[in-house]
Amino acid sequence: MAEIIIRSVIGFIVQIAPAAILCLLPFDGRFRVSTKRAWMEAGALVVAGLVPFLLVAAGAHFAPQSAVADARSILQNLVFLVTVAALFILYVRVVRAEVSHKAFVFSLVMLYGFLVTFTSSNVSYLLGFDENDGQMYYPSRLVVLTLTNAVFFAAMASIMRSVKRAFASQITSATWWRMTALLTMIVATLLVGGWLLPFDFAGMYFSLGFVVAIDCVALIWWLLRTLRESSAQAEQQVRLERALLLHELKHAELSSKLAQAQSRVTELEKREATSPQEEPVVLSTPTQAVSFAPADVTYVESLNRARAIRFADGASVRLNMPLRQIAEALPHSRFVYCHRSIVVNLEHVRSVSATEITLDNGSTLPVSRRRLADLREALDRAPHDAAREVRA
C-alpha cells in the first residue's frame, strides 16, 4: 500500500511539476501577485489534485480486478486533467502578458507533456519494460518517465528562454495565434487519439505520435529562429530609418541656419548699400591740394615747418598747413591729440601706456602727460570693436 502511494506521488509530481515550471519561465517577473504567493497557490492546487489521485490509486489494494483497474486508470487521467485545468486557470490569472503569448506557451507545454509521455512509453516498450501491476506508474515505467523528463526539460527550458526573447521583439499577436493554432491542433489530435485504444492501434499510434511530436518541436524551434532573425532585421530597419530621419532633421536644421545666414548677409549688404558713404577730407594750400578718406589715416604729425599725414598703407603726404587746421578738418570722434605735435586716429590704436601709443601696424607714438587723460577718455568713447590695452 505504501509503495503504491509513493509511486503515485512521484509520478504525479514528475508529470505535472515540470509543465508548471515551463509555463512560468518565459514570464519571469511578470506576475500580478508576488512570486511566493503564486507558487503557494500552485502548490495548493497540486496537493488538491494529488489527494483524489492517491485515493483512486489506493483502490488497487481493495479491488485489483482488471475492470476496476481500467476504470481506475480513466479516473486518474481525469483527475490529472482537472488539475492541469486548475493550474491553467491560475496561470491565466497570475501571469501579466498578452493572451496570445500565454496561449502559445501553454500549448507548447502541453505538446511537451505528450512528447515526454510518448518517449517514455516507446523507450519502455523497446527495453522490454512491459510488466504492469495495474497501476499507472509501475517501477520501471516510473524510472524511464523521470529520466525522460530530466532530459527533455533541459531542452525545453532553453526553448522557453528563446520564447522569452521572442516576446520582446516586434512579432504581431496574429503570428503568435497562428503558431498556437498549429500546436493546439496537434495536441488535440494526440489527446483524442489516446482514447482510441479499443481499435487496437495503440502501437502504431504511439510510434506515429512520437514522430509527430518530435517533428513539431523541431518545427517550433525553426519558427522561433526564423522569427528572431526576421525581428532582428526589422529592428535594424527601424534603426536605419531613425538614423536617416535624424540625418534629414540635421540637414534641415543646417539648411535653416544657412538660409538665416544668407538672409543676414543680404540684409547687411542692403544696409551697406543704403548707408551714406563717408565724405572725403579735402585740404588745400596756395601751392598744394590733397584729398583722402579719414579712415585711411593713421596719424598726423608736425615735423619742423611741415606736417606729415601718415596712411595705413605706409604712404605719407607732407602739407604746409598748421596742425590745428588739419585736426579741425578731421572727424573729432576718431582723431585726438596724443601729443602737442601729433593727432592720432583712434581706430588704429591697439595699446596705450603712460608714455606711448602702439598702433595696429606696430609703430609707436609718444604720449604727453597732459594729453593722456583726454586720450583715454576718447578711447572709451570710440565707436569701434578693436581690442585695446590701456596701462597706467
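The values are calculated or read from the model by the stated rules, or taken from the named source; none is laboratory data. This structure is a prediction, so every number in the text was calculated from the model and none was measured. Every residue, glycine as well, gets a Cβ built from its backbone with ideal geometry; the counts of neighbours run over all protein chains shown.
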* How many residues does the range 154-192 contain that are assigned to a loop (DSSP other than H, G, I, E, B) and touching a residue at least 12 places away in the same chain (Cβ under 8 Å)? -> 3
* **Positions within the range 5-30 being crowded, with 19+ Cβ neighbours inside 10 Å and more than 22 Å from Ala154 (Cβ to Cβ), in sequence order** => Arg7, Ser8
* If we scan the range 331-353, do we find a residue that is in a strand (DSSP E or B), free of Cβ contacts under 8 Å to residues at least 60 places away in the same chain and touching a Cys at 6+ places or on another chain (Cβ under 6 Å)? -> yes
* Contacts under 8 angstrom Cβ, first residue in the range 219-233 being surrounded by 14 or more Cβ atoms within 10 Å (Cβ to Cβ), partner acidic (Asp, Glu) and part of a helix (DSSP H, G or I), 6 or more apart -> none
* **Whichever residue in the range 65-83 is modelled with pLDDT under 85 and among the β-branched types (Val, Ile, Thr) and, among such residues, is farthest from Val47 (Cα to Cα)** => Val68
* **Matching residues in the range 335-377 - criterion: being over 60 Å from the mean Cα position of the chain (by Cα) and of a type in the set (Gly, Ala, Ser)** => Ser341, Ser353, Ala354, Ser363, Ser368, Ala373
* To do: Test Met179 against the stated conditions and say whether it is at pLDDT 75 or above and buried (at least 16 other Cβ atoms within 10 Å of the Cβ).
  => yes
* To do: Would you confirm whether any residue within the range 236-250 is more than 25 Å from Ile171 (Cα to Cα) and of a type in the set (D, E, K, R)?
  => yes
* To do: Examine the range 310-327 for a residue that is within 16 Å of Ala378 (Cβ to Cβ), in the same structural domain as Leu379 (by TED's automatic domain parsing) and not in a helix (DSSP H, G or I), and state whether such a residue exists.
  => no
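Yes/no matrix, rows are residues, columns are (1) of a type in the set (Ser, Thr, Tyr); (2) out of contact with any Lys or Arg (no Cβ under 6 Å at 6 or more places or on another chain); (3) at pLDDT 90 or above:
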{"position": "Ala289", "(1), (2), (3)": "no, yes, no"}
{"position": "Ala293", "(1), (2), (3)": "no, yes, no"}
{"position": "Tyr299", "(1), (2), (3)": "yes, no, yes"}
{"position": "His332", "(1), (2), (3)": "no, yes, no"}
{"position": "Ser341", "(1), (2), (3)": "yes, yes, yes"}
{"position": "Leu365", "(1), (2), (3)": "no, yes, yes"}
{"position": "Ala386", "(1), (2), (3)": "no, yes, no"}
* Could you tell me whether Phe104 is surrounded by 15 or more Cβ atoms within 10 Å (Cβ to Cβ), touching a residue at least 60 places away in the same chain (Cβ under 8 Å) and either in a helix (DSSP H, G or I) or not β-branched (Val, Ile, Thr) (or both)? => yes
* Condition test on Gly49, is it assigned by TED's automatic domain parsing to the domain that holds Gln170, of a type outside the set (A, V, I, L, M, F, W, C) and at pLDDT 85 or above? -> yes
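One line per residue, one yes/no per condition, for (1) surrounded by fewer than 16 Cβ atoms within 10 Å (Cβ to Cβ); (2) in contact with a His (Cβ under 8 Å, 6 or more places away or on another chain); (3) charged (D, E, K, R):
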{"site": "Gln288", "(1), (2), (3)": "yes, no, no"}
{"site": "Arg305", "(1), (2), (3)": "yes, no, yes"}
{"site": "Arg318", "(1), (2), (3)": "yes, no, yes"}
{"site": "Asn345", "(1), (2), (3)": "no, no, no"}
{"site": "His348", "(1), (2), (3)": "no, no, no"}
{"site": "Leu359", "(1), (2), (3)": "no, yes, no"}
